[in-house]
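The values are calculated or read from the model by the stated rules, or taken from the named source; none is laboratory data. Fair warning: this is a prediction, and the values are worked out from it, not measured in the lab. No Cβ is skipped: glycine too gets one built from the backbone with ideal geometry, and neighbour counts run over all protein chains shown.
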Amino acid sequence: MNEVVSSSFAFPPGLILVLGAFLIPFLKGILRPILLIGLPILALTLVWTLPEGNSVSLPFLDYALSPVHSNPEGRLFATIFLIMAMVGGLYAWKQANTLELTAAFIYAGSAVGVTFAGDLITLFIFWEIMALGSTAVVWAAGTEAAYRASMRYLLVHFLGGVILMAGITAHVMATGDITFTSMKPDSIGKVLILIGFLINAGAPPFSAWIADTYPEASPSGTVFLSAFTTKTAVFALLVGFPGAEILIPIGLYMVFYGIIYALLENDMRRILAYSIVNQVGFMVVAIGIGTSLSLNGASAHAFAHIIYKALLLMSAGSVLMMTGKRKCTDLGGLFQSMPQTALYGIIGALAISAVPFTSGFVTKSLETSAAAYEGMVIVWLMLMAASAGVFLHAGIKFPWFVFFQKDSGLRPPEPPVNMRAAMAIFSFLCIFIGIFPNLLYEILPYPLDYEPYTAGHLVTQFQVLLFAGFAFFALLPLMKRTLTVTLDFDWFYRRFLSVIGTEFSIHTGNFVKKTTDSLLKRLQLLFEKLHMQNGPHGILGNTSPSSSMVLWVAVILVTSLLLYYF
Amino acid sequence: MSEKKHWFYRKENLPKLWMIQIGILILAVLPEFFIKHEQHLPGSGFTLDTTFGFFAWYGFLTCTAMVICAKFLGIFLKRKDTYYDE
């Protein structure tokens, strides 16, 4: 166990949001936004004033929990989670219902709790609170589709939770150590822990839950959801399994899975949900490479990604709220009446595509460079192709089909001012980080000496992206949107298992009916027999008239009299 | 709709939009004549990235491949969007 550092005020920063969230239902009017912004600021202050290492040690069974463990990775992820909670709170403030806001803050707080977990038990507790909080965020949308999606979501996350718990138990039994620190997947326990983390990251085969569930939440709910679960998993992998080589192929699969499925998708928020898997794939590859540059890259990319993905979903959420439509086939031409929302959406799209002078450019290039420096030709070529693919499936596809494309004739107004303010803040951050990357580089886990703005890098990046864009417009006829969904692994639990389940219940139903029927028949026969012998007319059960009794007594008396005489 | 179509949607402007795009693409390739690319993976023997316009054609071709791949998989994986609603 690490040394415990004494601190004047050592409190898990995540709990400030988790506990503070319960005040949200009681505050109305202007007090509520003050709380929504105040809680993250309070927690942020704590994040940056807590001393490095363990500040608290709590005895639990035979172990000592360290719920306040500060390290550079944790601080970085906690910071972006709290910024997200704050700006997301601003976006959701007036439109989201109380349940959603409360759940979102519990959710955000538990994600921060994971980043300050010094041991696996604390990590697991916050991990599960996160699953419940996020399910409640989906629920809060209040539709039948959201309810059903949230149940499927819970199913996947409870499975992940059980695997994680089994892994932690096996690991602790084998080593007696609960510290959450860098591991190698070389024992059953650690492999199960790795799988538990990967399920939350959207790794195969469980990638479908992201695109299945997130787009069913409310416009603001999806924004919260996009930020925390997958990025907490990235954090856990970053701290727990840096350099685990298996992560490289898994990440590459996720990168291309996201692109292909997003290309086939018609629902604008589902396009962006697939793109989460794609982006997390980049981070998973970088964690698998495991050098200090690649780990910095994964951290920085996660930081930038939360901002631009939230921005994209805020812009999509605004469109959904103002038009009530979510399919590309119904949308188009919205730039005419929603120019601000379109502009913010485009900034988010440029950032996710890593266009120079945006946050994506200065962060994602750390990851591709890390692959290049390690001499991984195939990985580098695939990441370069994937970078072009990001522009294709998210960078152009989303803004093109929603804001341009054909003129759908829709002329919705801009969303309310608090939603626009939230988008403006995140748009500013996308560009600000792109122009001043060193501010972000300085808080990365490892010292970094990297210059993203070289002539060669600018030229090559512009070429890749512009020609990817050219491919998009040249192949536009192939991209025609259709009213379809794309089958995925979730088919197994949404269709296959449900059909099997129905078949099973029909067959077992028949069996049960048959056996109970024959049992009942036998019982009936038995009772009939008993009735025949012991019933009112049965040989054993019928009542005899008292006259026959008198006759028999008379017979006995006569017999005894006769015996007496002889 | 009575209002006039936005210039972006008028048929006669389509060639102009294409010209603008092709102009931008040419601008993007122009620096190839002036800068010498360094190897991205030093010491790996991989030198294709130093050749003329590598990133341009690589970006275009990989994207085309991904679109075609998606189209192909779509044949097997696409279902009506009410598929799960029954």
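Selection of the stretch A:247-272 for residues being modelled with pLDDT under 95 and more than 14 Å from A:Val390 (Cβ to Cβ) yields A:Leu264, A:Glu265, A:Asn266, A:Asp267, A:Met268, A:Arg269, A:Arg270. Of all residues in the stretch A:455-471, those that are surrounded by 18 or more Cβ atoms within 10 Å (Cβ to Cβ), at the interface with chain B (Cβ under 7 Å from one of its Cβ atoms) and either closer than 20 Å to B:Lys71 by Cα or free of Cβ contacts under 8 Å to residues at least 12 places away in the same chain (or both) total 8. For the stretch B:19-31, filtered to residues that are within 9 Å of chain A (Cβ to nearest Cβ) and at pLDDT 90 or above, the residue that is surrounded by the most Cβ atoms within 10 Å (Cβ to Cβ) is B:Leu25.
Would you check if there is a residue in the stretch A:286-302 being touching a Lys or Arg at 6+ places or on another chain (Cβ under 6 Å) and at pLDDT 95 or above? The answer is yes, given that some residue of the stretch A:286-302 is touching a Lys or Arg at 6+ places or on another chain (Cβ under 6 Å) and at pLDDT 95 or above.
Condition check ((1) more than 27 Å from A:Ser299 (Cβ to Cβ); (2) under 22 Å from the mean Cα position of the chain (by Cα); (3) buried (at least 23 other Cβ atoms within 10 Å of the Cβ)) across all residues:
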residue	(1), (2), (3)
A:Pro33	yes, no, no
A:Leu42	no, no, no
A:Thr49	no, no, no
A:Asp62	yes, no, no
A:Pro67	no, no, yes
A:Phe81	no, yes, yes
A:Ala96	yes, yes, yes
A:Ala104	no, yes, yes
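Only residues that are within 9 Å of chain B (Cβ to nearest Cβ) and in contact with a Cys (Cβ under 6 Å, 6 or more places away or on another chain) were counted across the stretch A:335-391, and they come to 1.
The set of residues in the stretch A:409-420 being under 20 Å from A:Gln336 (Cα atoms) and either more than 14 Å from chain B (Cβ to nearest Cβ) or buried (at least 24 other Cβ atoms within 10 Å of the Cβ) (or both) consists of A:Pro412, A:Pro413, A:Glu414, A:Pro415, A:Pro416, A:Val417, A:Met419, A:Arg420. Taking (1) at the interface with chain A (Cβ under 7 Å from one of its Cβ atoms); (2) among the hydrophobic types (A, V, I, L, M, F, W, C); (3) not in a helix (DSSP H, G or I) in turn, B:Leu73 satisfies each apart from (3).
For the stretch A:89-100, check the following and say yes or no: at least one residue is of a type in the set (A, V, I, L, M, F, W, C), more than 21 Å from A:Pro415 (Cα to Cα) and in a helix (DSSP H, G or I). Steps first, please.
Residues of the stretch A:89-100 that are of a type in the set (A, V, I, L, M, F, W, C), as a first pass: A:90, A:92-93, A:96, A:99.
The next check asks that each one be more than 21 Å from A:Pro415 (Cα to Cα); those that pass are A:99.
With in a helix (DSSP H, G or I) added as a condition, the list becomes A:99.
Yes, because at least one residue in the stretch A:89-100 is of a type in the set (A, V, I, L, M, F, W, C), more than 21 Å from A:Pro415 (Cα to Cα) and in a helix (DSSP H, G or I).
Here A:Trp380, A:Trp400 are screened, and the one residue that is in contact (Cβ under 8 Å) with a residue 12 or more places away in the chain and over 27 Å from A:Thr291 (Cα atoms) is A:Trp400.
Listed conditions (1) farther than 20 Å from B:Gln21 by Cβ; (2) assigned to a loop (DSSP other than H, G, I, E, B); (3) within 14 Å of chain B (Cβ to nearest Cβ) are all met by A:Lys406, apart from (1).
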